[in-house]
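Novice: Okay, handing you the structure first.
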Amino acid sequence: MVTTRSKANGATAATPNGKSTAVTKRKSDDTLVTEEPKRPKLADKTDITRWRCLDEDGRLTWRYLEDDKAAAAWPQSYADKWYLGLDLGLPDLPKPKKPLDAVRNGLTFFEKLQLPSGEWGSEYGGPMFLLPGVVFAWYITKTPIPWYKATEIKNYLKARAHPEDGGWGLHIEGESTVFGTSMNYVVLRLVGVDPDEPFMVKARATLHKLGGATHAPHWAKFWLSVLGVSKWAIVNPVPPEIWLLPDWVPVAPWRWWIHIRQVFLSMSYIYSKQWTCEETDVIRELRQELFVEEWDKIDWNGHRNSIASIDNYHPKSWLLNTANWFLVNIWNPYLRTKSLAEKAEAWVSKLVDMEDENTDFADLAPVNAAMNTVVCYIRDGPGAYTVRRHVDRLEDALWVKNEGMMCNGTNGVQNWDTAFAIQAVMDAGLTEDPRWRPMLIKALEFLDSQQIRENCKDQDICYRQQRKGAWAFSNKVQGYAVSDCVSEALKSVILLQKTPGFPQLLDDQRIFDAIDTLLTYQNASGACSSYEPTRGSKLLEMLNAAEVFGKIMVEYDYVECSTAVITALSLFNKYWPEYRADDIKKFKARVLAFIKKAQFPHGGWYGNWGICFTYATMFALESLSSVGETYSTSSHSKKACDFLISKQRADGGWSESYRSCERSVYTEHTSGSQVVMTAWALIGLMHAEYPDIEPLRKGIKLIMDRQQANGEWLPEAIEGVFNKSCMITYMNYKFTFPIKALGMFASKYPEETVV
Ligand SMILES: CC(C)=CCC[C@@H](C)[C@H]1CC[C@@]2(C)C3=C(CC[C@]12C)[C@@]1(C)CC[C@H](O)C(C)(C)[C@@H]1CC3
């Protein structure tokens, strides 16, 4: 239910969701009329000065302080204000004369954003399919949605509706899709928005133009069926029985990429039960609103494979279509036995429990967290501890910004951005400067507190990767080691602990634990992947049912992750030359061979986690330089530098579009040079010891010109990507990479003024 505040007195009144007797009818011009009595209208906005981000040992959650006294007792921090787009009231800093002055100004600002536990946080939005899962989980579990959350969710989605057609895409910069539009339209209805609001009418028209919800991709069809807006017959099969396959089978799910594995795990449980939540007025209304066809006459099974072309990034293969046909027409009606289904459900349920236990219900990411919540609700019933705990944990991924409330891609960016913040100071040669010591010590203390100290319980039974000594991308609770997150955190810890005057928080054994875990990450190709070494063949992509993403079924070879690992190993080897020296040497040689092989004929590398060739080429050049291969000594390095230089724009910057990631072809962004991308290109060139200072100077000048008087850089186009098609925001990259580029330049050319 949604709790609504009466505007007159600010009191909170509960309106049971869907319990109104309103009836929505479609008029001949396709607009909808809702007959009275109406639900109370949502407030237009909340008081943005009442939001606070609470940091509990790296767990970040948002509070709205309705009580004046509470608000006065807990003032907004600089970080809160920055996240919310409020003025920080910071003074102008002396105008930089040299790049190092710009570094100092940048750090002066960035220091203010450090959180009490020592880390940096930020919005981590972009994907438009995450918030729906959370709101659906609330709705299904009948979790009250306070008016301030409902209001800010409405505001966020309103702000992020496509400026022309009013729909929503897969991510914030993308064109409207059936996936984005249908899911977010439902969110708005569930938080209490009227269907006849003009922006809802517009969004609905776009949805209908794209074919309506019968043309949604698999994940949307799944959620709509759980909600009872669609019938289960429209959902392509997600058989839990696949989890009973022996491990040696090449398609067994333990071989899949961890994200797809965890999503399909809980999805298969719910699919198997064909469970649907209670039918309410709003659900009945949505049946009228989302479809082009008359709801009662829809051929649900006939639309299993209907999908709008804009959503169909990765069309289903003939193999998957055949498997789906078999499962729907032969397996389900004739061969599926109750006992086998129950056995599969029981095993899936156990794996869900293990995931919940290993992450204290935070789960891998908000997609599977929302689905696991529903699994527990179905299985354990309303009010069960598992459901309450899940609902509480869903908060970890929610975020508030000036546009409203949204959902982050993970439960934060804490470890990752903190590691880069430390390294940026290091690259500027400022680690020993006492001015930055308190900030750096706090950051070190954070990484100390977030190192994972134990492997998962029953690691082999739940197919988890070794993680002792590792760091996750976000925090320890989530606890999923990622090869490059371990590496970047480890590098930062070593760099600080080897600098005179820093506390020795991690003893050698803890460093060795991290190294032992890192050394488990190499693929047969020599490369490293993200969460686990590759466990299955690329051919598994033929079973990619998600349609909207590419490269999702297994782990791949990533230049970014591989670079992070070998640079961490090199740094470690410098201080502990005896420890597993042989393994490290072999590991590094194999990674380098991979990197050379992965270079595109044009000289760049494809980036999987940042946009795109610019990002990955920066890493590859770092790898090459770590073994002494630079512009003048290596043809690979030279070719890569020439590639980067050929993309430099007249103003000295670089500007690559997310389209590069989708198309695997370098594509310029329409909105001009980007600070972060310019920093990436410059860092790459400097690693390669590019001989001509002129292009570097021009790029550095652009970064300095874009810096604000208070030391800040403003948000520009989106920076990150996953699965080729979905973009994601890395707010702190606005600081860490420009500072690093400026710092590297300043160390290399201390006399250069640039201005
Ligand atoms: C398709 C599904 C399940 C979507 C949920 C979103 C996740 C898959 C995304 C959101 C954030 C995300 C891009 C992330 C990564 C993997 C995929 C994530 C978790 C990793 C850990 C991969 C390795 C990268 O170098 C890096 C560390 C930057 C990212 C961080 C975020």
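Novice: Out of curiosity, is L188 within 27 Å of L543 (Cβ to Cβ) and in contact with a helix residue (DSSP H, G or I) (Cβ under 7 Å, 6 or more places away or on another chain)? Before you say what the answer is, go through the steps one by one.
Specialist: Values: within 27 Å of L543 (Cβ to Cβ): no; in contact with a helix residue (DSSP H, G or I) (Cβ under 7 Å, 6 or more places away or on another chain): yes.
In short, no.
Novice: Looking only at segment 491-513, decide whether some residue is at pLDDT 95 or above, within 23 Å of the chain's Cα centre (by Cα), closer than 23 Å to R580 by Cβ and of a type in the set (S, T, N, Q).
Specialist: Yes, there is a match, as at least one residue in segment 491-513 is at pLDDT 95 or above, within 23 Å of the chain's Cα centre (by Cα), closer than 23 Å to R580 by Cβ and of a type in the set (S, T, N, Q).
Novice: Residues in segment 377-402 that are touching a Phe, Trp or Tyr at 6+ places or on another chain (Cβ under 8 Å) and under 17 Å from T61 (Cα atoms): how many?
Specialist: 11
Novice: Could you identify the single residue in E357, E345 that is surrounded by fewer than 23 Cβ atoms within 10 Å (Cβ to Cβ), out of contact with any helix residue (DSSP H, G or I) (no Cβ under 9 Å at 6 or more places or on another chain) and of a type in the set (D, E, K, R)? Talk me through it step by step, then tell me what you get.
Specialist: On the way: E345 fails: out of contact with any helix residue (DSSP H, G or I) (no Cβ under 9 Å at 6 or more places or on another chain).
Unique residue meeting the criteria: E357.
Novice: Now a separate question. Go through segment 543-590 and give me each residue that's in contact with a strand residue (DSSP E or B) (Cβ under 8 Å, 6 or more places away or on another chain), away from the ligand (no atom under 15 Å from the Cβ) and either among the small types (G, A, S) or over 16 Å from D516 (Cβ atoms) (or both).
Specialist: Answer for segment 543-590, where residues must be in contact with a strand residue (DSSP E or B) (Cβ under 8 Å, 6 or more places away or on another chain), away from the ligand (no atom under 15 Å from the Cβ) and either among the small types (G, A, S) or over 16 Å from D516 (Cβ atoms) (or both): just R590.
Novice: Could you tell me which residue of segment 127-167 is farthest from the ligand (Cβ to nearest atom), considering only residues that are over 26 Å from H208 (Cβ atoms) and of a type in the set (S, T, N, Q)?
Specialist: T151
Novice: Another question about this same structure. Test of understanding: among M405, M371, M354, which residue is part of a helix (DSSP H, G or I) and either more than 16 Å from the ligand (Cβ to nearest atom) or without any contact (Cβ under 8 Å) to a residue 24 or more places away in the chain (or both)?
Specialist: On the way: M405 fails: part of a helix (DSSP H, G or I); M371 fails: either more than 16 Å from the ligand (Cβ to nearest atom) or without any contact (Cβ under 8 Å) to a residue 24 or more places away in the chain (or both).
The match here is M354.
Novice: Quick one: how many residues across segment 406-446 are under 30 Å from W168 (Cα atoms) and acidic (D, E)?
Specialist: Count: 1.
Novice: Still on this structure, I have one more. Taking the condition in contact (Cβ under 8 Å) with a residue 40 or more places away in the chain and polar (S, T, N, Q), does S673 pass?
Specialist: For S673, the condition - in contact (Cβ under 8 Å) with a residue 40 or more places away in the chain and polar (S, T, N, Q) - is not met.
Novice: What residue, of A443, A527, A472, is farther than 30 Å from V178 by Cα, modelled with pLDDT of 95 or more, away from the ligand (no atom under 16 Å from the Cβ) and within 23 Å of the chain's Cα centre (by Cα)? Let's see the steps before the verdict.
Specialist: Details: A527 fails: away from the ligand (no atom under 16 Å from the Cβ); A472 fails: away from the ligand (no atom under 16 Å from the Cβ).
Result: A443 is the single residue among A443, A527, A472 that is farther than 30 Å from V178 by Cα, modelled with pLDDT of 95 or more, away from the ligand (no atom under 16 Å from the Cβ) and within 23 Å of the chain's Cα centre (by Cα).
Novice: Hey, another quick one. Looking at this structure, is P366 buried (at least 23 other Cβ atoms within 10 Å of the Cβ) and either in contact with a Ser or Thr (Cβ under 9 Å, 6 or more places away or on another chain) or under 22 Å from D55 (Cα atoms) (or both)?
Specialist: On the way: buried (at least 23 other Cβ atoms within 10 Å of the Cβ): yes; either in contact with a Ser or Thr (Cβ under 9 Å, 6 or more places away or on another chain) or under 22 Å from D55 (Cα atoms) (or both): yes.
Criteria met by P366.
Novice: While we're on this one: Sort out which residues of segment 162-183 are outside any loop (DSSP other than H, G, I, E, B) and under 19 Å from I718 (Cα atoms), and write them in order of number.
Specialist: Across segment 162-183, the qualifying residues are G169, H171, S176, G180.
Novice: Would you mind stating whether L505 is buried (at least 21 other Cβ atoms within 10 Å of the Cβ), more than 13 Å from the ligand (Cβ to nearest atom) and touching a residue at least 40 places away in the same chain (Cβ under 8 Å)?
Specialist: For L505, the condition - buried (at least 21 other Cβ atoms within 10 Å of the Cβ), more than 13 Å from the ligand (Cβ to nearest atom) and touching a residue at least 40 places away in the same chain (Cβ under 8 Å) - is not met.
Novice: For T418, work out the one condition from (1) touching a Leu at 6+ places or on another chain (Cβ under 7 Å); (2) more than 16 Å from the ligand (Cβ to nearest atom); (3) β-branched (V, I, T) it doesn't fulfil.
Specialist: Result: T418 fails condition (2) only.
Novice: With R663, R649, R706 as the choices, which residue is among the basic types (K, R) and under 20 Å from F600 (Cβ atoms)?
Specialist: One residue alone meets the criteria, R663.
Novice: If I filter segment 256-268 for residues that are more than 16 Å from the ligand (Cβ to nearest atom), buried (at least 16 other Cβ atoms within 10 Å of the Cβ) and in contact (Cβ under 8 Å) with a residue 60 or more places away in the chain, do I get at least one hit?
Specialist: Checking segment 256-268: not a single residue is more than 16 Å from the ligand (Cβ to nearest atom), buried (at least 16 other Cβ atoms within 10 Å of the Cβ) and in contact (Cβ under 8 Å) with a residue 60 or more places away in the chain.
Novice: Checking C485 against (1) outside any helix (DSSP H, G or I); (2) within 13 Å of the ligand (Cβ to nearest atom); (3) not small (G, A, S), only one condition comes out false. Which one?
Specialist: (1)
Novice: If you go through segment 216-249 one residue at a time, how many are in contact with an Asp or Glu (Cβ under 7 Å, 6 or more places away or on another chain) and part of a helix (DSSP H, G or I)?
Specialist: Result for segment 216-249: 2.
Novice: On to the next question. Based on this model, can you work out whether G118 counts as small (G, A, S) and within 18 Å of E152 (Cβ to Cβ)?
Specialist: Against the criterion (small (G, A, S) and within 18 Å of E152 (Cβ to Cβ)), G118 does not qualify.
Conditions tested, residue by residue: (1) polar (S, T, N, Q); (2) part of a helix (DSSP H, G or I).
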position: T517; (1), (2): yes, yes
position: G526; (1), (2): no, no
position: R535; (1), (2): no, no
position: E541; (1), (2): no, yes
position: I552; (1), (2): no, no
position: E555; (1), (2): no, no
position: E560; (1), (2): no, yes
position: T567; (1), (2): yes, yes
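Novice: How do the pairs read when you match residues in segment 73-99 that are closer than 11 Å to F109 by Cα and surrounded by 14 or more Cβ atoms within 10 Å (Cβ to Cβ) with residues anywhere that are of a type in the set (V, I, T) and modelled with pLDDT of 95 or more, using Cβ under 9 Å and keeping only pairs 6 or more apart or on different chains?
Specialist: Hits for this filter: L90/T108; L93/T108.
Yes or no, residue by residue, for (1) within 29 Å of D705 (Cβ to Cβ); (2) part of a helix (DSSP H, G or I); (3) among the hydroxyl-bearing types (S, T, Y):
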residue	(1), (2), (3)
R590	no, yes, no
W605	yes, no, no
E622	yes, yes, no
K638	no, yes, no
F643	yes, yes, no
Y666	yes, no, yes
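Novice: With the requirement that a residue be away from the ligand (no atom under 16 Å from the Cβ) and touching a Pro at 6+ places or on another chain (Cβ under 6 Å), what does segment 714-742 give you?
Specialist: L742
Novice: Out of all the residues in segment 530-542, which are surrounded by 19 or more Cβ atoms within 10 Å (Cβ to Cβ) and either over 24 Å from G479 (Cα atoms) or away from the ligand (no atom under 15 Å from the Cβ) (or both)?
Specialist: R535, G536, L540
Novice: What's the total number of residues in segment 446-465 that are in contact with a strand residue (DSSP E or B) (Cβ under 8 Å, 6 or more places away or on another chain) and outside any helix (DSSP H, G or I)?
Specialist: Residues meeting the conditions: 2.
Novice: Now for a separate question. Looking at V186, is it part of a loop (DSSP other than H, G, I, E, B) and either among the β-branched types (V, I, T) or out of contact with any Ser or Thr (no Cβ under 7 Å at 6 or more places or on another chain) (or both)?
Specialist: no
Novice: Going by the structure shown, is Y124 more than 16 Å from the ligand (Cβ to nearest atom) and surrounded by 24 or more Cβ atoms within 10 Å (Cβ to Cβ)?
Specialist: It is false that Y124 is more than 16 Å from the ligand (Cβ to nearest atom) and surrounded by 24 or more Cβ atoms within 10 Å (Cβ to Cβ).
Novice: Right, next: Condition first: over 19 Å from K551 (Cβ atoms) and at pLDDT below 95. Can you find one or more residues in segment 627-647 that meet it?
Specialist: Yes, segment 627-647 contains at least one residue that is over 19 Å from K551 (Cβ atoms) and at pLDDT below 95.
Novice: Please work out which one of (1) more than 16 Å from the ligand (Cβ to nearest atom); (2) outside any loop (DSSP other than H, G, I, E, B); (3) over 18 Å from P217 (Cα atoms) is the condition F361 fails and give its number.
Specialist: If we test F361 against (1) more than 16 Å from the ligand (Cβ to nearest atom); (2) outside any loop (DSSP other than H, G, I, E, B); (3) over 18 Å from P217 (Cα atoms), just (2) comes out false.
The values are calculated or read from the model by the stated rules, or taken from the named source; none is laboratory data. These figures come from a predicted structure and were not determined experimentally. Note: ideal-geometry Cβ built from the backbone for every residue, glycine included; neighbour counts use all protein chains shown.
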